[in-house]
1. I'd like to compare 74-86, 53-65: which one has the highest average count of other Cβ atoms within 10 Å, and what's the full order after that?
2. Between the range 75-101 and the range 105-159, how many Å separate their Cα centres?
3. So, with +1 on the Cβ of K and R and -1 on the Cβ of D and E, and no other charges, what is the size of the charge dipole of the range 26-110 about its Cα centre, to the nearest 20 debye?
4. Starting from the Cα of Val81, step 7 Å along the direction of its Cβ; do the same at Lys116; then give the gap between the two resulting points in nm.
5. Can you work out ³J(HN,Hα) from phi for every residue in the range 132-141, in order, using Karplus 6.51 cos²θ - 1.76 cosθ + 1.60 and θ = phi - 60°, giving whole Hz and x for Gly and Pro?
6. Just the ratio, please: alpha-carbon radius of gyration of the range 24-154 over 2.2 N^0.38 Å, N its number of residues.
7. Taking amide H positions as placed 1.01 Å from N in the peptide plane, with prolines and chain starts having none, which residues 5 or more places from His69, or on another chain, fall under 5 Å of its amide H?
8. Using 0.36 nm per residue, how much length does the chain from Asp89 to Arg149 gain when fully extended, once their Cα-Cα distance is taken away?
Amino acid sequence: MPTLYSTLRALTGVLLLTLLLPARADGPGARVPLLPRYEQECAACHIAYPPGLLPAVSWQRLMNSLDQHYGSDATLDAAGVQEIAGWLDRHAGTYKRVNEAPPENRITRSAWFLRKHRADEVPPELWRHPAVKSAANCAACHTNAAQGRFNERDIRLPR
């Protein structure tokens, strides 16, 4: 029969491991450090979205159609595609909220995004505000979006 001391020691070990392991991209609010190449390429046009916001299948589709990336040509060299695609695949969302690919692989069309941005919480006219322009412009309201943090207490709506 385990003693209280051995049980506490085991629990302490589990807690330490949990604190020391890198953050995973498969839980609400979980972040992974951005791959420098991903950040460089993607943040040139929009924020470098955290990979956990979409499932792997969506990232694969996006990486396989960079020549038609939402109306732009975002083509990369083969090594860049391989590096970024592999990283996105390893850190894609797998948790309950990101369990299926949204229409057109758009974060803003995912079920969880639509729940979080309901019309009774986010007035439709806000999306047309000159500082927002689009639901894809997370940084217009989420002050820490560039760091992959979307906490509700850090929201500042444009005036």
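Computed from the coordinates by the stated procedures, all read-outs in this text should not be read as laboratory data. The shown structure was predicted, so the numbers you read here are calculated from the model rather than taken from an experiment. Methodologically, a virtual Cβ is constructed for each residue, glycine included, from the backbone with ideal geometry; neighbour enumeration extends over all protein chains shown.
1. Working: 74-86: 13.9, 53-65: 17.8.
Order by mean packing, descending: 53-65, 74-86.
2. Cα centroid to Cα centroid, the span is 22 Å.
3. Details: 8 positive and 10 negative charges, 87 e Å.
Taking the Cα centre of the range 26-110 as origin, the dipole is about 420 debye.
4. My value for the distance between the label points is 3.0 nm.
5. Taking θ as phi minus 60°, the curve returns 9, 6, 7, 5, 6, 8, 4, 5, 5, 10 Hz for the range 132-141.
6. Values: Rg = 14.5 Å, N = 131, 2.2 N^0.38 = 14.0 Å.
Dividing the Cα Rg of the range 24-154 by 2.2 N^0.38 Å gives 1.03.
7. So His69 has HN proximity to Ala74.
8. Working: separation 60, 0.36 × 60 = 21.60 nm, distance 2.02 nm.
Contour length minus Cα-Cα distance gives 19.6 nm.
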